[in-house]
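Just passing along the structure, written as C-alpha cells.
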Amino acid sequence: QVQLVESGGGLVQVGDSLRLSCAASGRTFSSLMMGWFRQAPGKNREFVAGIRRSGGSTYYADSVKGRFTISRDNAKNTVYLQMNSLNAEDTAVYFCAAGTLAYNYWGQGTQVTVSS
C-alpha cells in the first residue's frame, strides 16, 4: 500500500508560479512511477505529467509542456510539480498518483486556482 499526500496548492494570479509536492509512504518510493493529474469543474480527470522511477524520463500533456516540470527526490520520497506561467485554464484540483503497471494509488488532491 502507498499513501500519497499533496501540498502546495493555493490561489495565484495569471503568470504566477507554484510548486506542488507529493509525499509518499508505505512502499519503496524508487520502485514507483509517479504522476500528476488534474480535474477542473465539470471535466474529467486528465493527465498532466509523469516521471519514471529512475527520473530519467518525463512526460507531459501538450497543454503544460514547456511550462510545467515534474521531478522526484527518491531520498525524500517526494515528487514535485513546478508550474510556471499559470493561466486560468490551469485551475483545477491536482492529484498525485503512483503505481507500477498503472496508477493504482492516489492522493486526496490539492486545489490550484488561477485568477486574473
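Only residues that are in contact with a helix residue (DSSP H, G or I) (Cβ under 8 Å, 6 or more places away or on another chain), in a loop (DSSP other than H, G, I, E, B) and either under 15 Å from D16 (Cβ atoms) or open to solvent by less than 40 Å² (accessible area, probe 1.4 Å) (or both): list them for segment 55-100, please.
Correct list: V64 only.
Looking only at segment 106-116, filter to residues that are of a type in the set (S, T, Y) and at pLDDT 95 or above; which one of those is farthest from R53 (Cα to Cα)? Before you say what the answer is, go through the steps one by one.
Going residue by residue through segment 106-116, those that are of a type in the set (S, T, Y) are 110, 113, 115-116.
Now narrow it down to the ones that are at pLDDT 95 or above: 110, 113, 115.
Values: T110: 23, T113: 29, S115: 34 Å.
For segment 106-116, the residue satisfying everything is S115.
Of all residues in segment 28-54 being open to solvent by less than 40 Å² (accessible area, probe 1.4 Å) and without any contact (Cβ under 8 Å) to a residue 40 or more places away in the chain, which is farthest from G109 (Cα to Cα)?
I51
Quick check on segment 101-114: of everything there that is not in a strand (DSSP E or B) and not hydrophobic (A, V, I, L, M, F, W, C), which residue is farthest from S25 (Cα to Cα)? Please lay out each step first, then the result.
Taking segment 101-114 first, the residues not in a strand (DSSP E or B) are 101-102, 107-109.
Pick out the ones that are also not hydrophobic (A, V, I, L, M, F, W, C) and you get 107-109.
Details: G107: 11, Q108: 14, G109: 16 Å.
Among residues in segment 101-114 that are not in a strand (DSSP E or B) and not hydrophobic (A, V, I, L, M, F, W, C), the one farthest from S25 (Cα to Cα) is G109.
Here's a follow-up. Could you tell me which residue of segment 101-116 is farthest from the chain's Cα centre (by Cα), considering only residues that are more than 12 Å from C22 (Cα to Cα) and open to solvent by 70 Å² or more (accessible area, probe 1.4 Å)?
S116
Additional query: For segment 15-27, what are the residues that are polar (S, T, N, Q) and either open to solvent by 30 Å² or more (accessible area, probe 1.4 Å) or modelled with pLDDT under 95 (or both)? I'd like the intermediate steps shown before the answer.
Going through segment 15-27, the residues polar (S, T, N, Q) turn out to be 17, 21, 25.
Matches in segment 15-27: S17, S25.
Does A102 meet the test of being among the hydrophobic types (A, V, I, L, M, F, W, C) and in contact (Cβ under 8 Å) with a residue 40 or more places away in the chain?
Numbers: among the hydrophobic types (A, V, I, L, M, F, W, C): yes; in contact (Cβ under 8 Å) with a residue 40 or more places away in the chain: no.
So A102 does not fit the description; no.
Being under 12 Å from the mean Cα position of the chain (by Cα) and open to solvent by 20 Å² or more (accessible area, probe 1.4 Å) is the filter here, so list the residues in segment 1-14 that pass it.
The first filter runs over segment 1-14 and keeps only residues under 12 Å from the mean Cα position of the chain (by Cα), leaving 4-9.
Of everything in segment 1-14, those that are under 12 Å from the mean Cα position of the chain (by Cα) and open to solvent by 20 Å² or more (accessible area, probe 1.4 Å) turn out to be V5, S7, G8, G9.
The values are calculated or read from the model by the stated rules, or taken from the named source; none is laboratory data. Owing to the predicted nature of the structure, the values given are computational and were not obtained by experimental measurement. Note that we place each Cβ from the backbone using ideal geometry, even for glycine, and neighbour counts take in every protein chain shown. Protein only, heavy atoms only, side chains kept; ligands, DNA and RNA dropped before computing areas. Shrake-Rupley method; radii C 1.70, N 1.55, O 1.52, S 1.80 Å.
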